[in-house]
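Notes follow the structure.
The values are calculated or read from the model by the stated rules, or taken from the named source; none is laboratory data. Small disclaimer: the values here were computed from a predicted structure and weren't measured. With ideal geometry, Cβ positions are generated from the backbone for all residues, glycine too; neighbour counts draw on all protein chains shown.
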Amino acid sequence: MSSISVIGLGNMAGALAGRALAGGNAVEIIGRDPAKAKEVAAALGGATVGTVGAAPAGDIVVLAVPYANAAAVVSEYGDALHGKVIIDITNPVAPDFKGFVTPEGSSGAQEIAKAAPAGAHVVKAFNTLFSHVLAAGPAEGRPLDVFIAGDDARAKARVSAFIESLGLRPMDTGELAMARALENVGLMQLGLVAHSVKHTNFFLGVSVLS
């Protein structure tokens, strides 16, 4: 099992931390509001509380913060993230839900990687799952698919093992540049919510035909 530090106190942070604990992982919760961080950890049961700015205890650090804050958070930690695997779960969607706030040709994950110290490896994952769907886990007898992208094979292997510990199925899409495609999937899901599905109780997965 893995040791995980979750930076953030929102719905995705709670869903990921809860599944991680259920999967036998060690979990640390880190947030700018110490009182709320303690509340979240207590509600989960079994999680520890970290200190903002101090080196995260986990070998895998989950950035469960809004994209607008993500690169700044990584920069703030600086060399404390050396040797860590950083999971970027963000969707850098523009306020009008018609595009992205990232530079043309780049992705949120690639911009976050630019802010990370040498020796840290960013892996895109979990951005195509809604928090309540993630918290519920397998649906209708099949595991949820978690699409990942990253440049370092070992980092992706560690993230894949972590995903499997959650009872989910990792689906490797390639190098970190593929994060742009995954973020487009996240945007597409918002389009489905707005125009056809009309709710968020769904997930996108892969059915392999024999």
Cross-chain or 6+ apart pairs with Cβ under 7 Å, segment 109-132 first and at pLDDT 95 or above, then part of a loop (DSSP other than H, G, I, E, B) and of a type in the set (V, I, T): E111/T102; A125/I89; F126/I89; N127/I89; N127/T90; F130/T200
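Specify the residue that is surrounded by the fewest Cβ atoms within 10 Å (Cβ to Cβ); the eligible residues are those in segment 155-166 that are in contact (Cβ under 8 Å) with a residue 24 or more places away in the chain and closer than 13 Å to V122 by Cα.
First, the residues of segment 155-166 that are in contact (Cβ under 8 Å) with a residue 24 or more places away in the chain: 155-156, 158-159, 161-163, 165-166.
Narrowing the set further to residues that are closer than 13 Å to V122 by Cα leaves 155-156, 158-159.
Working: A155: 21, K156: 24, R158: 19, V159: 27.
Among them, the one singled out is R158.
Name every residue in segment 51-70 that is in contact with a helix residue (DSSP H, G or I) (Cβ under 9 Å, 6 or more places away or on another chain) and either of a type in the set (D, E) or surrounded by 21 or more Cβ atoms within 10 Å (Cβ to Cβ) (or both), in order of residue number. Outline the logic, then answer.
Taking segment 51-70 and keeping what is in contact with a helix residue (DSSP H, G or I) (Cβ under 9 Å, 6 or more places away or on another chain), we get 51-56, 59-65, 67, 70.
P56, D59, I60, V61, V62, L63, A64, V65, Y67, A70, listed by residue number.
Can you name the helices (runs of 4 or more DSSP H) wholly within segment 116-210 that have at least 1 residues being among the acidic types (D, E) and within 20 Å of G8 (Cα to Cα)? Talk me through it step by step, then tell me what you get.
Numbers: elements: 131-136, 153-165, 179-195.
It comes to 179-195.
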Selection count, segment 189-207, where residues are exposed (fewer than 10 other Cβ atoms within 10 Å of the Cβ) and small (G, A, S): 2
Qualifying residue in segment 137-148 (condition: in contact with a Gly (Cβ under 9 Å, 6 or more places away or on another chain), free of Cβ contacts under 8 Å to residues at least 60 places away in the same chain, small (G, A, S) and surrounded by fewer than 15 Cβ atoms within 10 Å (Cβ to Cβ)): no
Restricting segment 92-117 to residues that are touching a Leu at 6+ places or on another chain (Cβ under 7 Å) and under 15 Å from Q189 (Cβ atoms), the residue that is surrounded by the fewest Cβ atoms within 10 Å (Cβ to Cβ): F97
Number of the condition not met by K98 [criteria: (1) of a type in the set (K, R); (2) touching a strand residue (DSSP E or B) at 6+ places or on another chain (Cβ under 6 Å); (3) more than 13 Å from P117 (Cα to Cα)]: (2)
Sole exception among (1) of a type in the set (G, A, S); (2) out of contact with any Gly (no Cβ under 8 Å at 6 or more places or on another chain); (3) in a helix (DSSP H, G or I); (4) under 22 Å from S131 (Cα atoms) for G58, by number: (3)
Close pairs from segment 18-46: first touching a residue at least 60 places away in the same chain (Cβ under 8 Å), partner surrounded by fewer than 18 Cβ atoms within 10 Å (Cβ to Cβ) and assigned to a loop (DSSP other than H, G, I, E, B), Cβ under 6 Å, at least 6 apart: G24/M1; N25/M1
Leading residue by the ranking (surrounded by the most Cβ atoms within 10 Å (Cβ to Cβ)) among those in segment 119-128 that are within 9 Å of F147 (Cβ to Cβ) and of a type in the set (A, V, I, L, M, F, W, C): A125
Residues (part of a helix (DSSP H, G or I) and crowded, with 22+ Cβ neighbours inside 10 Å) located in segment 20-39: A20, A37
Residue within segment 65-80 that is closer than 17 Å to F162 by Cα, at pLDDT 95 or above and not in a helix (DSSP H, G or I) present: no
